[in-house]
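Before any comments, here is the structure.
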Amino acid sequence: MNDLFQNHAAKSGPVECLGQTFPSDEARREHYLKLLAEKLKDPTFRKIEGFPIASDEDILNLSDPPYYTACPNPFIEDFVRHYGKPYDSSVHYSKEPFAADVSEGKNDPIYNAHSYHTKVPHKAIMRYILHYTQPGDVVFDGFCGTGMTGVAAQLCGDSSAVAELGYRVDERGNVLTRDEEGALQGFSKIGKRKVILNDLSSAATFISHNYNTPIDVHEFDAESKKIIAEVESEFGWMYQTRHTDGSQVGKINFTVWSDVFLCPECTGEIVYWDVAVDKDAGKAREDFCCPHCSAALSKRNMDRAWSSVFDKEVSGTFRQAKQVPVLINYSVGKKRYEKVPDQFDLELIEKVSDLEPARWVPTAPLPDGYNTRQPMESHGVRHAHHFYTKRNLHVLAAFREKIAKANPKYLFWFTSALTWVGRENRLHLGNYFGGGGGVITSLRGTWYIASLSVETSVLERFALRTRAQLVRHSMDGTNAFVSCGSATALPIGDSSIDYIFIDPPFGGNLMYSELNFVWEAWLRVVTNNQQEAIENKVQGKGLNDYRLLMSRCFKEAFRILKPGRWMTVEFSNTQASVWNAIQTAIQEAGFVVANVSALDKGKGSFKAVTTTTAVKQDLVISAYKPNGGLEDRFSKQGGSEDSVWDFVRTHLKYLPTVKIRARELEFISERDPRIIFDRMVAWFVRHNTPVPMSTQEFQAGLIQRFVERDGMVFLPEQVAEYDKKRMQVAVAPQMEMFVSDERSAIDWLSDFLKRRPSTYQEISPEFMGQLGAGWKKHEVKPELAALLEDNFLKYDGTGEVPSQIHSYLSSNHKDQRGLDKSDPTLVAKAKDRWYVPDPNKAQDLEKKREKALLKEFETYKAFTGRKIKESRLEVLRAGFRAAWAAKDYQTIIGIANKLPEETLQEDEKLLTLYDLALTRTEDGI
């Protein structure tokens, strides 16, 4: 993008669209608008899940069919039919998950062209698309937000953009990267990928479409300057102020408005700016004195001053928090000044307030919501237009009217500027008084009007946002199809998508429909939030509702994805319950998780920086849809032991063979035998088929059939690559273990005793050090003695010293080397040491333990109180498994209802069985 103003004029001649040729692009649009208008007359079409709230006229005005419809896009199947390739099981496709950690910053012109609450940088997504797809493949994003997946798919055809990622592109269009030895290896091809973008939000889909649609930069440059000049000619007087010496007229850059409070002692009005702002320190004081009676005050112990305001836009009177202008930042020429508002300024504000509405503005009532309550309760914001001062509202209305008439594509310019012109802007005191020039920001991820609100100049902000639009010059408007609707009901055929990348909502992190309300009020098409996958008390949606909605979304994703292909899910939430909800929903849909890596998006949003439910570094889940061959074989094998090993063999092919970070090998947790067992069990459970073997039988079978290296399991054909890399590093990769419940405690003991058979006295301090703050709240802490007795063996000094103990002692103690297993010295040293039993004895122990667990489960079944406050997860898991095998779904549901919500929601195994038990009961199975 060396020259943003190079000639990229829109085609004025014939255009091709979905196999049809039209005399012009406008003729194309008119043709499809007529088809869409006919579709909107069909009552069943409007009943599609997630259909937005809007009139036919407003949907048609916002749409650009077939590429974008501000409703479920009825032309997507035509798009897939025209550009997609039908699934062919004979076509070879094999990819390991993209296992590298990714870090991409946000300082990119494309990224910054339009703000949004969350956004994955397109450069990060490009890496995934290049890895998993080839030119012409169809990519899908069901929670598209601003459409960065579409931008990424298009830029995969731009050699310079691919080179910016650190890859090489050869003369044949091969994309190459360097391995650890520095050798170049080809892994992809240059070429645009086709993309389908979907979101429930009309604002998101509107932004997505425009991000992926070109504009004629010369035409836009001329038209935007003309519009700004016209609006300034009509409203420039509103942003004028007199220089302090009265000699010149300046242009207002921004005005600071301060809340007014009442002193609880004397009831006098107090301007917050006057008493709280410490200009020298660059911050607001916590405590201050009343200027009238000198009473000691803080913001917390004062009431707001309120005013009754007649609103001409809706012809009604509202109670609104009183705010007064306290500072004007203005320019005379190129020099900036500041002043306290004088009589001229106050009279100008009064004059603007008295103006009659001349143009349409959005007056939709603010929805009662989780995020909308703050501006409602703190400042009396009741309608969309209350987020703006009277001055800015008049000017915005003029901009919208003129932009819509000039070219509907330019409304992207309008919505990109809205973020900077509302009352939610605030003054960053530290920067402003620290000589930083005054940093004006607005909070992302929440609606919030501060006690010091900033009114910017709409004229200035629109002028600043013009250049940001020019990044769209290189987009191809025919490459992306955008649909506005729920991801629970997609207008896409089965097994037709080549790759899926999604960044879905996560629990209660962000309330998208509330946060998008003002954008959508201006666009006149509003989100139907009935199918919005979030936790929201106002909507009556808890974590379970969120999980069920996400499960439906993932089932649709599974349906449309081709067998053997991949889905990447970007995850951002630190709550274990939300993590389990996502994992459970993914696995219940039929996907198998193969890898989890990190994605560092750079600077966090307001929520990510300050709340406990958000993380600065996101996780990326790589999951695949098993190929049809595995499904067919499973149905024939009927859940036999052969089907267990068939699944494992297939699953291992999808896992990364080597993962290197900072030139060191990393432990691949998905190759841990315990994780493989969990994936296998989830596969059987989803198919409603009993698991034909125990954990110990599974572990013994793994050793016989596959190759183990450093605690990881490989196929014979994979291990050579791992061994080669392993020889190049000095230290073997180590698995990090976190003890949080009984099962993980047993796993920790197993790993500890394999390396170091020990006495109780030796184990105890090490074990107690693991039982820290990470222990699950409602999980009973087990006694170490009981864990050892139930799961391991102790050498009592009779007979030969077990091989595991003999090996450890002879390797770590010089005086024990070369001794026979029955030597008294060795026996004495080995006595009372605990060790891990061999597989045959372990199976006996497991059966004994399972019997004891099920016996204790009976006490939970007999429990008559309201909630089981503390429980053993291992008992619950064993009981749920037994009930599932017996198809006793009511027992699972009944016990689940007795458990604290955290116990169920924070354990993936319990949650999966409970969720499926509910499904089976509802289906009458």
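Rule-based calculations on the coordinates, nothing more; no lab input. All values derive from a computational prediction rather than experimental measurement. Quick reminder, even Gly has a Cβ in these numbers, built from the backbone with ideal geometry, and neighbours come from all protein chains shown.
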Checklist entry - Going toward the positive end of the dipole of segment 638-733, with +1 on Lys and Arg Cβ and -1 on Asp and Glu Cβ, which of 652, 667, 703 do you reach last? => result 667
Checklist entry - Under a straight-distance cross-link criterion of Cα-Cα below 18 Å, which aspartates and glutamates are reachable from residue 225, leaving out those fewer than 8 residues away in the same chain? => result 216, 234, 401, 460
Next on the checklist: How would segment 315-391 be classified by its alpha-carbon gyration tensor: rounded, prolate or oblate, with rounded meaning a/c under 1.5 and the a/b versus b/c comparison settling the rest?
Outcome noted: prolate
Checklist entry - Straight-line reach from residue 279: which aspartates and glutamates have a Cα under 19 Å away, not including same-chain ones fewer than 8 places off? => result 259, 287, 338
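Rg(Cα) of segment 193-320 divided by 2.2 N^0.38 Å?
Details: Rg = 23.8 Å, N = 128, 2.2 N^0.38 = 13.9 Å.
Segment 193-320 yields a ratio of 1.71.
Let's see if you can work this out: charge +1 on each Lys and Arg Cβ, -1 on each Asp and Glu Cβ, no other charges. What is the dipole magnitude of segment 218-470 about its Cα centre, in debye to the nearest 20? The partial results should precede the final answer.
On the way: 33 positive and 31 negative charges, 159 e Å.
Its charge dipole is roughly 760 debye.
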Checklist entry - What percent does the relative contact order of the chain come to when contacts are Cα pairs within less than 8 Å and at least six residues apart? => result 13
Item to check | Dipole of segment 65-132, positive direction: furthest Cα of 116, 79, 91, with charges on the beta-carbon | outcome: 116
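Where nothing but the Cβ of Lys and Arg (+1) and of Asp and Glu (-1) is charged, how large is the charge dipole of segment 32-155 around its Cα centre, in debye to the nearest 20?
Numbers: 12 positive and 16 negative charges, 18 e Å.
With only Lys, Arg, Asp and Glu charged at Cβ, the dipole is about 80 debye.
If you rank 845, 418, 899 by fewest surrounding Cβ atoms within 10 Å, what's the result? Don't jump to the answer; show the numbers that get you there.
Numbers: 845 16, 418 23, 899 20.
Ascending number of Cβ neighbours within 10 Å: 845, 899, 418.
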Checklist entry - So, how do all the Cα-to-Cα distances of segment 475-533 break down into 10 Å bins, in percent, from 0 on up? => result 16, 41, 36, 8
Item to check | More than 33 Å apart - percent of Cα-Cα pairs taken over segment 218-470 | outcome: 20
Checklist outcome for this item: For the chain, the Cα convex hull volume per residue in Å³ comes to 219
Next on the checklist: I'd like the orientation of helix 543-560 relative to the chain: the angle between its Cα long axis and the longest Cα principal axis, in ° from 0 to 90, rounded to 10.
Outcome noted: 80
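Given the convex hull of the Cα atoms of segment 857-925, what is a quarter of its surface area in nm²?
Numbers: hull surface 17.0 nm².
Computing the convex hull of the Cα atoms and averaging its projections yields 4.3 nm².
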Checklist entry - Which of the aspartates and glutamates could a cross-linker span from residue 821 if the Cα-Cα distance has to be under 19 Å and same-chain partners fewer than 8 positions apart are dropped? => result 796, 800, 832, 838
Checklist outcome for this item: Per-residue Cβ contact counts at 10 Å, fewest first, order 361, 518 as 361, 518
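Could you sort 240-247, 708-715, 422-429 so that the peptide with the highest average Cβ count within 10 Å comes first and the rest follow in order?
Working: 240-247: 13.2, 708-715: 17.9, 422-429: 20.9.
Answer by packing, highest mean first, reads 422-429, 708-715, 240-247.
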Next on the checklist: Roughly how far apart, in whole Å, are the Cα centres of segment 858-925 and segment 279-313?
Outcome noted: 53
Checklist entry - When a footprinting reagent is the concern and you count Cβ atoms within 10 Å, what order do 891, 133 take, fewest first? => result 891, 133
Checklist entry - Given q = 0.11, 0.13, 0.19, 0.23 Å⁻¹, what are the Debye log10 I(q)/I(0) values for segment 348-430, with equal point scatterers placed on the Cα positions and solvent ignored? => result -0.36, -0.50, -1.00, -1.23
Checklist entry - Helix 390-406: angle to the longest alpha-carbon principal axis of the chain, degrees 0 to 90, nearest 10? => result 80
Checklist outcome for this item: In whole angstrom, the spacing between the Cα centers of segment 514-547 and segment 121-165 equals 28
Checklist entry - Between the helical axis of 673-686 and the dominant principal axis of the chain, each derived from Cα atoms, what acute angle in degrees is found, rounded to the nearest 10? => result 70
Checklist outcome for this item: Rounded to the angstrom and largest first, Cα extents along the principal axes for segment 638-733 equal 44, 23, 20
Next on the checklist: Is there a quick way to get the dipole size of the chain? I mean about its Cα centre, with the Cβ of Lys and Arg at +1 and of Asp and Glu at -1; what is the value in debye to the nearest 20?
Outcome noted: 180
Checklist entry - Counting each DSSP H run of 4 or more residues in the chain as -39500 (n - 2.57), what helix-only mean residue ellipticity at 222 nm follows after dividing by all residues, to the nearest 500 deg cm²/dmol? => result -12000 deg cm²/dmol
